[in-house]
1. Hey, what angle do you get for helix 172-190 against the long axis of the chain, alpha-carbon based, 0 to 90 degrees rounded to 10?
2. Taking the Cα centre of each part, how many Å lie between region 14-75 and region 273-306?
3. Please give the length that would be gained between residue 235 and residue 273 if that part of the chain were fully extended, namely 0.36 nm times their separation in residues minus their C-alpha to C-alpha distance (nm, one decimal).
4. Apply the Kirkwood formula to region 221-280: the hydrodynamic radius equals the inverse of the mean of 1/r over all pairs of different alpha-carbon atoms; give it in Å with one decimal.
5. Round to a whole angstrom and tell me the spacing of the C-alpha centers of region 192-216 and region 224-260.
6. Please give the peptides 162-174, 332-344 ranked by average Cβ packing (other Cβ atoms within 10 Å per residue), highest first, as a rough proxy for protection.
7. Provide 28, 214 in ascending order of the number of other Cβ atoms located within 10 Å of each residue's Cβ, fewest first.
8. Given the DSSP H assignment, sum -39500 (n - 2.57) over each helix run of at least 4 residues in the chain and divide by its residue total; what's the result at 222 nm in deg cm²/dmol, nearest 500?
């Protein structure tokens, strides 16, 4: 399989030897903080419009989240493919293939960002109308989405650039870049909304500028690197022999995320039927759940990257140990954060709004989704090692059947008979349990197919 490449600088992590748990934490923690900071872009938007512009503007910004995710997650999923391929080439010392993977991924990121900018500009209002967005909200929502999507090229380039750095074990510098852009985002938000009274347009402009800064920083980092992942703009290319394996892993992951977010759009539509107060409460609660998600997803990303590098050098026994350690880490993180969100829910929600009815609706959502969030962590984790081994299509199907299938049945068959917010959000843990069972069965068969007989018997 080739010789393993030792880490060449202080930012990289040797994933193929030594202890596992401390390296998983060292990898996951900066990634977790990076995800939290990236969410802060949207959270600061929500807090500032909620405090300084009102509940309608809060509902307008929040109601776009599921749509934005649905539009973008296909391409973000494809970045996982570039991460897996780059990690495999890096671990096995294939410098030429590593370099060409980097240049293919970055050019694809740029092109996909441009495509998404046009999609957002053209289809935002139509999509919001399909969701049944109320008349008093839709103008603000459309404006926010159109400005937000102008920043898509920067957003995509940052995410693909960061995926390359994660492939070599570097999660610290992407964190630093997001700290810089996050502070800038918060400052610009306050300046444009409070001083210039630009409302939802102001927070969208601030987010775009911040994304541009984080994009420039990550590209500069790759450009100045002296390793196999050095970026040179003159070498940007789209080579099918690299795009194909990227797509094989990334497209199923992206489709999975997109379809799951489609189910969230259906949930958002159901919430919309309760009016703008319920929309605002769901917006705030959902934002809290997003922080929980990026925390557990950081463990999934670690599992995928560590598995991919060890798969590249044929270290199957270590791959099993990585999964066991990741399960323990994911459950611990999600239980701790879920309990905090449950017990301090009203206090956390009051950061977003002072409206007691909005807070009440938000608490109702959190009651069924926080303490049980370790189930979501496990549901998210099990596809990680499968993607790391290059198998992404079957776990995608299992996730769609388990998560989306359960929620569609819930929304269209059960919810009409029990029209309450509480009943609507019981669908979350129900869908997580179904999906976990399907993913475990899927992992068993993928492992049986990929592992040599001697490795399976250890």
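Just so you know, all these numbers are worked out from the coordinates, no wet-lab data involved. In this text, all values refer to a predicted model and were calculated from it rather than measured experimentally. All Cβ positions, glycine included, derive from the backbone under ideal geometry; neighbour counts span all protein chains shown.
1. Rounded to the nearest ten degrees, it is 20.
2. Centre-to-centre distance over Cα atoms comes out at 8 Å.
3. Numbers: separation 38, 0.36 × 38 = 13.68 nm, distance 5.12 nm.
That pair, residue 235 and residue 273, stretches by 8.6 nm at full extension.
4. Details: mean 1/r = 0.0646 Å⁻¹.
Evaluated on region 221-280, it is 15.5 Å.
5. Here the two parts' Cα centres lie 29 Å apart.
6. Numbers: 162-174: 25.1, 332-344: 17.4.
Going from most to least packed, we get 162-174, 332-344.
7. On the way: 28 26, 214 30.
Arranged by neighbour count, lowest to highest, 28, 214 become 28, 214.
8. Details: 20 runs with 359 residues, N = 458.
It comes out at -26500 deg cm²/dmol, rounded to the nearest 500.
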